[in-house]
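Input: a single structure, listed below in structure tokens.
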Amino acid sequence: MNKVLILFAHPLFEKSRIHQALVKAIPNSPNITFRDLYELYPDFNVNIKAEKKMLLEHDIIIWQHPVYWYSVPPLLKQWIDMVLEFGWAYGPGGDALSGKKIFNVISAGGQQAVYSPGGRNRFTIRQFLAPLEQTATLCKMHYLAPFVVHGTHLLTKEQIVEYTSRYRELLIKLVENPVPVESLSEAAYMNDYVDLTK
Amino acid sequence: MEDSFLKTALVFLASAVLFVPIAKKLGMGSVLGYLVAGIIIGPFVFGFIGEEGDDIMHVAEFGVVMMLFIIGLELDPREFWKMRKTIVGLGTLQMGITAVVVGTLGYLFLDFSHSVSVAVALALAMSSTAIVLQTLKEKGISKTAGGEASFSVLLFQDIMVIPILAILPIIAGPGNHEAGTGHSLMGDYPGWMQTLMVLGAVAFVFVAGKYIVVPLLRIISKTKLREMFTATALLLVIAVAYLMEVVGLSPALGTFLAGVVLANSEFRHELESDLEPFKGLLLGLFFVGVGASINFSLITNEPALIFSIVPILMLVKGIALYITGKIFKLKMDQNILFIILLSQVGEFAFVLFAFSHQLRLIDNYWTEVFMACTALSMVVTPLLLLLNERLIDPYFGTKESLVNDRDADKIDEHHSVILAGFGHFGSTIGRFLRANGIHATILDNDSDRVDLLRKMGFKVYYGDATRLDLLKSAGAENARLLIAAIDSPETNKELIQIVRKHFPNLEIMARARNRYDAYELIDMGVKDFYRETLYTSVHMAIDVLRKMGMRNYTATRKGMEFIRYDEEALEKLSKHRHEMKDYIINVKEQIEMQEKLLSEDLHASLTTDDHAWDSDSMRKL
């Protein structure tokens, strides 16, 4: 049984179709904790003590957010800056997060084809996430493949349902089963870890 | 033998006190209790009140007068405008169908002339606002579809009485008015002149309300004597009623108009809550009077006639209501409620019959018969409602739940937040909320300020927010939030206590002057309190740090951190405070608390708490 912590960062949640649907799909479980960072820290004054405590209590950490300018929303960056302290998360004696798994659940306006060497954005999603991957690695965490929702502006209702049920199944599977770290680290996306046909 | 006033009052009040609780206990509602009390003490059972019943009816009719004034006051013109289609549509259908069918029946079977048929039909199309509103309120069904439809129809009928009263003299024709009783100014003039006078009186009420009454109320409110305000409110209603009586119009309508005129003034809530107890009592008296005035000798003389008119009449009204409800897509259970609620003939029929009689339009005999039928139909309504509630309604699965009905959308937007106190503190909140599209119901008791703010387009009501009745009329029962922002901490706490006791579901957000204020609010169970002396001082202290050379962002972060720390410390120390035996904080204890606070600061080591962006610690290695 794994405990999952979802750190959610969206500066305009009320206008986001896909994130509202995704958040709604999160199972109500004692093993899953959902924290809405923009709701908790509208003044960007992240409560370091409380956030550290949360991290220690969970095995799998999820950064859920939209991708803005190929990066995370500013409050999530603030969270990383403030919470992942030297001597605690990294550096000498910084082993607090060692062995935990972490990955991103993100939405992007462009389709998957756009995020490729030949596409308009020239790099893949995983390449854009490299700073986060390295942050996790520096903190001795296992960085896993992201769960990605592409083409958010053009999603049909059916596609949203498809993504949200996938997300829900993923969370249940992560809680209930041991995480295959090796294969999930190497995969391009987390999306296919669950098979909806089953 | 002349009964003394005391004896009459004794009989009335005793019968009401005896029968109303019994009726309530039996689930019949207060209206039936009053009516039965009236019948029992009336001339045909015990005869405690006899011939003077007429005089009592005059006094009691004043309850109806007040009720209409308050209905007028409660009519928010914007709300009215939103409902206009429903009101006019439902009302026209109900009155039209009923009047046409009743008129035709009267013309065909009772040998009435055209004009008599019209007069009778219009009077009988009325339903009883007094009974229905009282019932809606008691049963808590005002907000159901059936309740709202009923209110719309009643409103339409009440308004329609004005043109009907204006038209009746014309229908009566020139030959009749000369024989009028002449106790009004109007009787001596030809029909067109009377119609003109009616319109003139209505116009006068509008103009006088706006340019005489409101300024007068402002002057009175400045005396800060509550009983003076009550006296003025009563004077106002009585004066309007008297004026209407002089020109031969229904006093109830005059006061209804006066109410509508004043609905837009800042004194709306104050007037409403001042007159409410009078209205309730007089309305009760009115029902007792109706019960007492039922002419049982006429009923025993003409049982066949009366007992066929009442059911046929109610059936016709019921069918008209059924069709109306169907067209407006009421669900079956709501439609049945709508039918039963409005199937009786109302108090305005008394007015219209009396007026028609005075115009010699309807003769003595038929006036008596129809008045008896009206009173009987009023008695039947509570019984039918009881029957519906016990036997019919449970069969419907579509029962509208009141809880679901109160969706966020359904709650009138500008009533979901009440802001008490509009001084410097409260007005800042009000401005900010308004800038973001939230229009709070504002209560303030400085009439100069109220006046000014109203000119600036705020919805501010004048009144003492710690008064339960005022809170009620400001919508405290349905509001989501109450912001207690009154300048005096004592008044503010008094308000919070009243709200917590009477409206336990209303969430309170409170202004606290300082930490001692805050302790008391914690003790009262208030979770959201805001200390005036915390945020401003910290913001100033941040600027001090800045002027001393600290970077703005760092100083601001330290300030925010300090606020969080101080709020936690407040919780902690509030518990410590409970360990002290005496709750009254004296100077010595204040110093003790301050000391504890300062030593707490030392332990907290506020500056070493976070290392973000700080590479000093790395360099040390």
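Observations
- Unit charges on C-beta of K, R, D, E only; dipole of the stretch A:4-193, Debye: 320
- Net charge over other residues, Cβ less than 12 angstrom from the Cβ of B:M550 (K, R count +1; D, E count -1): +4
- Semi-axis lengths, Å, chain B, gyration tensor of Cα atoms, sqrt of 5 times eigenvalues: 60, 25, 24
- Separation of the A:A130 and B:S599 label points, Cα + 7 Å toward Cβ, nm: 5.7
- Overall shape of the protein assembly as shown was characterised from the C-alpha gyration tensor. The equivalent ellipsoid obtained from it has semi-axes of 69, 34, 24 Å, in decreasing order.
- Residue exposure sequence - A:E57, B:E494, B:E266 - by fewest surrounding Cβ within 10 Å: A:E57, B:E494, B:E266
- Net charge of neighbours whose Cβ lies under 12 Å from the Cβ of B:L453, counting Lys and Arg as +1 and Asp and Glu as -1: +1
- Along each principal axis, Cα extent of the stretch B:462-555, largest first, Å: 55, 24, 23
- Of all beta bridges that DSSP places with both ends in the stretch A:4-193, some 5 percent have antiparallel geometry.
- Cross-link pairs B:K137/B:K331; B:K279/B:K326; A:K3/A:K77; A:K3/A:K52; A:K24/B:K527; A:K100/A:K173 - those with Cα-Cα distance over 25 Å: B:K279/B:K326; A:K24/B:K527
- Largest first and in whole Å, the equivalent-ellipsoid semi-axes of the stretch A:67-198 read 27, 20, 13, each the square root of five times a Cα gyration tensor eigenvalue.
- Here r is the Cβ-Cβ distance between B:T92 and B:R619 and R0 is 60 Å; the resulting FRET efficiency, rounded to 0.05, is 0.10.
- FRET efficiency, 1/(1 + (r/R0)^6) with R0 51 Å, evaluated for B:K331 and B:A14 via beta carbons: 0.75
- Alpha-carbon centroid distance for the pair the stretch A:146-172 / the stretch B:430-466, whole angstrom: 47
- Here the residues B:E79, A:E51, ranked from fewest to most Cβ neighbours within 10 Å of their Cβ, fall in the order B:E79, A:E51.
- Computed from Cα positions, the angle between helix B:424-435 and the longest principal axis of chain B comes to roughly 70 degrees.
- Net charge over other residues, Cβ less than 14 angstrom from the Cβ of A:Y68 (K, R count +1; D, E count -1): +2
- A straight chain from B:T554 to B:I238 at 0.36 nm per residue would run longer than the Cα-Cα distance by 107.0 nm.
- Think of the protein assembly as shown as having a plus end and a minus end, set by charges on the Cβ of Lys, Arg, Asp and Glu; of A:M190, B:T556, B:L521, A:M190 sits farthest toward the positive end of this dipole.
- Nearest 10 degrees, 0 to 90: helix B:251-262 Cα axis against chain B principal axis: 20
- Solvent-free Debye calculation, one equal scatterer per alpha-carbon of the stretch B:411-512: log10 I(q)/I(0) at 0.11, 0.12, 0.16 Å⁻¹ equals -0.27, -0.32, -0.59.
- Multiplying the residue separation of B:A569 and B:N505 by 0.36 nm and removing their Cα-Cα distance gives an extension gain of 20.2 nm.
- 23 Å Cα-Cα threshold exceeded, pairs from B:K143/B:K455; A:K101/A:K157; A:K49/A:K101: B:K143/B:K455; A:K101/A:K157
- Scanning chain B for trypsin sites (Lys or Arg not before Pro) lying in DSSP loops with no more than 13 further Cβ atoms inside 10 Å, the longest uninterrupted stretch between such sites is B:1-223.
- Sum of -39500 (n - 2.57) over DSSP H runs of 4+, divided by residues of chain A (222 nm, nearest 500): -10000 deg cm²/dmol
- Tilt relative to chain B, helix B:5-25 - C-alpha long axis, 0 to 90 degrees, to 10: 70
Taken together, the values in this text are just the output of simple stated rules run on the coordinates, not laboratory data. Keep in mind that this is a model prediction, so the values were computed, not measured. Positions of Cβ are backbone-derived with ideal geometry, glycine not excepted, and every protein chain shown enters the neighbour counts.
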